[in-house]
Amino acid sequence: MNLEGRVALVTGASGGIGRVIARRLAAAGARVVVNYRTGSEAAAEAADAIRAAGGEAISIGADVCDADAVEAMVSQVVGRWDGVDILVNNAGVTRDRLLLRMTPKEWDEVISVNLRGSFLCTKAVLPHMMKRRRGRIVSISSVVGTSGNPGQANYAASKAGIIGFTKAMAREVASRNITVNALAPGYITTAMVEQLSEEVRKAVLGRIPMSRFGAPEDVAEAVVFLCGDGAAYITGQVLGIDGGLAV
Ligand SMILES: NC(=O)c1ccc[n+]([C@@H]2O[C@H](COP(=O)([O-])OP(=O)(O)OC[C@H]3O[C@@H](n4cnc5c(N)ncnc54)[C@H](O)[C@@H]3O)[C@@H](O)[C@H]2O)c1
């Protein structure tokens, strides 16, 4: 229970990887905020499941692209638990299409949730972390942020942006004892990967040295490690969670 008493905000935690990250942080002792985009009922279930397992959790609806909603969410967390120690920028979307057919709206939606959302949430929690002179920020990038992927120019740009953002922020807040890192998952079995056709799944598996897709738990374990005291001297890093795909 190395995160006893820490307050952790996980964005987009109603499903997929975020839900497992929230569960795992709670199991390590953190008090967890399950953020969800307004309209999702799964977040309340995710928080209920954490409480049923003996953890502490609340769910708060806020669109991560909306600056006022993000500020209001963080104020609510600070009002209840007196601060924020951990932020996991997990909320993300895809709008895949070859660039010649990609609409400006599809470009903007992906950049807005994945990159602007990470900026807004980081900006909102930072004053509270600086006040306590400690903090952990982990953002979920992707292998495609460095390798690129056809049909995902918007997504790859957003995930590459997260890497640059992470490195800049790591330098900006290191003196305040706040670490800022990114994870670069490969193919993790969630709704995002289940959309792939059988043919594409087979082709992808053939390129993964470990010959399996990752599990959300593989990502969550790395988050817990980076948020713990053992990772106090690790900042500005991008850790691949990809079964060797990007080696
Ligand atoms: N699944 C993979 O293989 C994989 C690989 C690399 C990176 N990732 C990244 O991991 C993260 C989680 O992905 P996932 O596979 O669990 O996908 P998912 O679609 O299951 O989860 C994404 C979550 O983000 C939430 N969300 C979307 N827009 C939001 C908004 N505006 N405000 C708040 N929440 C919002 C969704 O409701 C959902 O809960 C994403 O950032 C994704 O890009 C996933």
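Taken together, the values in this text are just the output of simple stated rules run on the coordinates, not laboratory data. Quick caveat: nothing in here was measured; it's all calculated off a predicted structure. We place every Cβ from the backbone using ideal geometry, glycine too, and count neighbours over all the protein chains shown.
The residue list D63, D85 contains one member that is within 13 Å of the ligand (Cβ to nearest atom), surrounded by 19 or more Cβ atoms within 10 Å (Cβ to Cβ) and among the acidic types (D, E), which is D63. Scanning segment 178-231 for residues that are among the acidic types (D, E) and closer than 22 Å to I137 by Cβ yields a count of 4.
When only residues in segment 148-157 that are within 13 Å of the ligand (Cβ to nearest atom) and closer than 19 Å to L245 by Cβ count, which is surrounded by the most Cβ atoms within 10 Å (Cβ to Cβ)?
Y155
Considering segment 22-52 alone, what residues qualify as being in a helix (DSSP H, G or I), buried (at least 17 other Cβ atoms within 10 Å of the Cβ) and near the ligand (Cβ under 10 Å from one of its atoms)?
A43, A46
Restricting G92, G55, G83 to those that are on the phi > 0 side of the Ramachandran plot and out of contact with any Ser or Thr (no Cβ under 6 Å at 6 or more places or on another chain) reduces the list to G83. Would you check if there is a residue in segment 53-67 being farther than 26 Å from L226 by Cα and either part of a helix (DSSP H, G or I) or touching an Asp or Glu at 6+ places or on another chain (Cβ under 8 Å) (or both)? Among the residues of segment 53-67, at least one is farther than 26 Å from L226 by Cα and either part of a helix (DSSP H, G or I) or touching an Asp or Glu at 6+ places or on another chain (Cβ under 8 Å) (or both), which makes the answer yes.
Does segment 106-114 contain at least one residue that is free of Cβ contacts under 8 Å to residues at least 60 places away in the same chain, assigned to a loop (DSSP other than H, G, I, E, B) and within 13 Å of the ligand (Cβ to nearest atom)? There is no residue in segment 106-114 that is free of Cβ contacts under 8 Å to residues at least 60 places away in the same chain, assigned to a loop (DSSP other than H, G, I, E, B) and within 13 Å of the ligand (Cβ to nearest atom).
Determine, yes or no, whether L120 is in contact (Cβ under 8 Å) with a residue 24 or more places away in the chain, assigned to a helix (DSSP H, G or I), closer than 26 Å to S175 by Cβ and within 14 Å of the ligand (Cβ to nearest atom).
It is true that L120 is in contact (Cβ under 8 Å) with a residue 24 or more places away in the chain, assigned to a helix (DSSP H, G or I), closer than 26 Å to S175 by Cβ and within 14 Å of the ligand (Cβ to nearest atom).
Search segment 170-203 for residues being touching a residue at least 60 places away in the same chain (Cβ under 8 Å) and among the aliphatic types (A, V, I, L, M), and hand back the single one that is surrounded by the fewest Cβ atoms within 10 Å (Cβ to Cβ). By that ranking, first place goes to A191. Candidates are the residues of segment 97-118 that are in contact with a helix residue (DSSP H, G or I) (Cβ under 7 Å, 6 or more places away or on another chain) and among the charged types (D, E, K, R); the one that is nearest to I162 (Cα to Cα) is E106. When G206, G145, G230, G161 are checked against the criterion of being in a helix (DSSP H, G or I), within 10 Å of the ligand (Cβ to nearest atom), at negative phi and not basic (K, R), G145 stands alone in meeting it. Looking across segment 169-195, not a single residue is in a helix (DSSP H, G or I), under 17 Å from the mean Cα position of the chain (by Cα) and not aliphatic (A, V, I, L, M).
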